[in-house]
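Right, one structure below, let's go through it.
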Amino acid sequence: MTQWLAPQIMPLFDKIRDLCGPEEDTGISIAGIVFREDGPGIAAALGLDNAIVVILDLAAETDQDWALLELAHELTHCLVPSLEGRALMMEEGAAVMLSLTAPVFQTEEFGVQALTDLMEMPERGNYAEALSAVTALLKIDGAAIRKLRAAQPDWKTHTAELIRQVLPDVPEDLAAVLSEQREMHTPWMPSDWWHRQHPTCASPGA
């Protein structure tokens with residue numbers, strides 16, 4: 001599976017850069033993709049200096065649409081890799097948006113159903129609110145995230161004050177939400193609905 005996914009990294013990164021601007025030059029590289037029970041996320045690559053691995057959920061190993069969704073989300077976090085602390089709502093919202101829009105899903109309805117699932121599951125409420133906040137931001141200025149990261153590449157520096165300084169048209173309440181750090185609790189991924197409908201997900205190339 002990772003052999004199939006590895007070539008997807010650069011095309012996804014191109015779409016991520018279009019929305020969010022370039023990655024910060026941290027000297028950290030992506031060493032590979034692994035599937036683990038504690039995924040999705042990113043972690044230090046064991047035995048390698050200045051390298052990270054992208055972790056996907058074990059269930060994504062046999063479902064390429066699920067894997068692409070998770071990969072796009074985690075690659076957004078790789079623009080400024082951080083293994084400490086929670087991401088700001090703006091970063092999480094961009095990651096959710098890109099997980100839905102950057103991949104070319106094999107199954108046409110996958111992205112729509114994933115969005116419906118996200119909006120209807122209370123435990124994923126912070127992901128949904130992050131997506132709504134970023135959507136509102138981009139309606140004000142489609143280049144908003146690129147402008148903010150051009151001013152300060154590290155998402156963690158994006159205070160409400162900075163957001164309003166760079167983008168004066170952004171309302172105070174929206175800037176406040178975008179600059180919050182929240183506990184996301186449940187990793188956002190397609191839930192049981194997908195596997196109920198697709199009890200035997202085909203592996204890539206099958």
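Relative to the dominant Cα principal axis of the chain, helix 110-120 is inclined by about 60°.
Rounded to the nearest 5, what % of the DSSP beta bridges within the chain are antiparallel ones? Close to 40 percent.
Using only Cα positions of region 118-166, each an equal point scatterer, no hydration layer, compute I(q)/I(0) via Debye at q = 0.16, 0.20, 0.23 Å⁻¹ and quote the log10 values to two decimals. The computed values of log10 I(q)/I(0) come out as -0.52, -0.74, -0.87.
The relative contact order of region 67-174 comes to 27 percent, based on Cα pairs under 8 Å that sit 6 or more residues apart.
Projected over all directions and averaged, the alpha-carbon convex hull of region 43-182 occupies 9.4 nm². Each principal axis of the Cα atoms in region 1-105 has its own extent, and those three values, largest first, are 33, 32, 24 angstrom. Amide H contacts under 5 Å for Gly32: Val54, restricted to partners 5 or more places along the chain or on a different chain, H placed in the peptide plane at 1.01 Å from N. Each Lys and Arg contributes +1 and each Asp and Glu -1, all at the Cβ; summed about the Cα centre of region 1-134, the dipole is approximately 220 debye.
Remark: the Glu24-Glu172 segment gains 50.6 nm on full extension, using 0.36 nm per residue and subtracting the alpha carbon distance. As a rough guide to protection, the peptides 63-70, 104-111, 152-159 ranked by mean Cβ packing within 10 Å, highest first, stand as 63-70, 152-159, 104-111. Spin-label model, Leu83 to Met119: label points 7 Å out along the Cα-to-beta-carbon direction sit 3.8 nm apart. Its convex hull of Cα atoms gives region 20-73 a direction-averaged projected area, equal to a quarter of the hull surface, of 4.2 nm².
Ellipticity at 222 nm from helices only: DSSP H runs of n ≥ 4 in the chain, each -39500 (n - 2.57), divided by the residue count, give -14000 deg cm²/dmol.
Listed by chain and number, the aspartates and glutamates whose alpha-carbon sits under 12 Å from that of Lys139, ignoring those within fewer than 8 places in the same chain, are Asp169.
Read the figures in this text as sums done on the coordinates, not as results from a lab. Note that the structure is predicted; figures quoted are calculated from it, not measured. Reconstructed Cβ throughout: ideal geometry from the backbone, glycine too, with neighbour counts over all protein chains shown.
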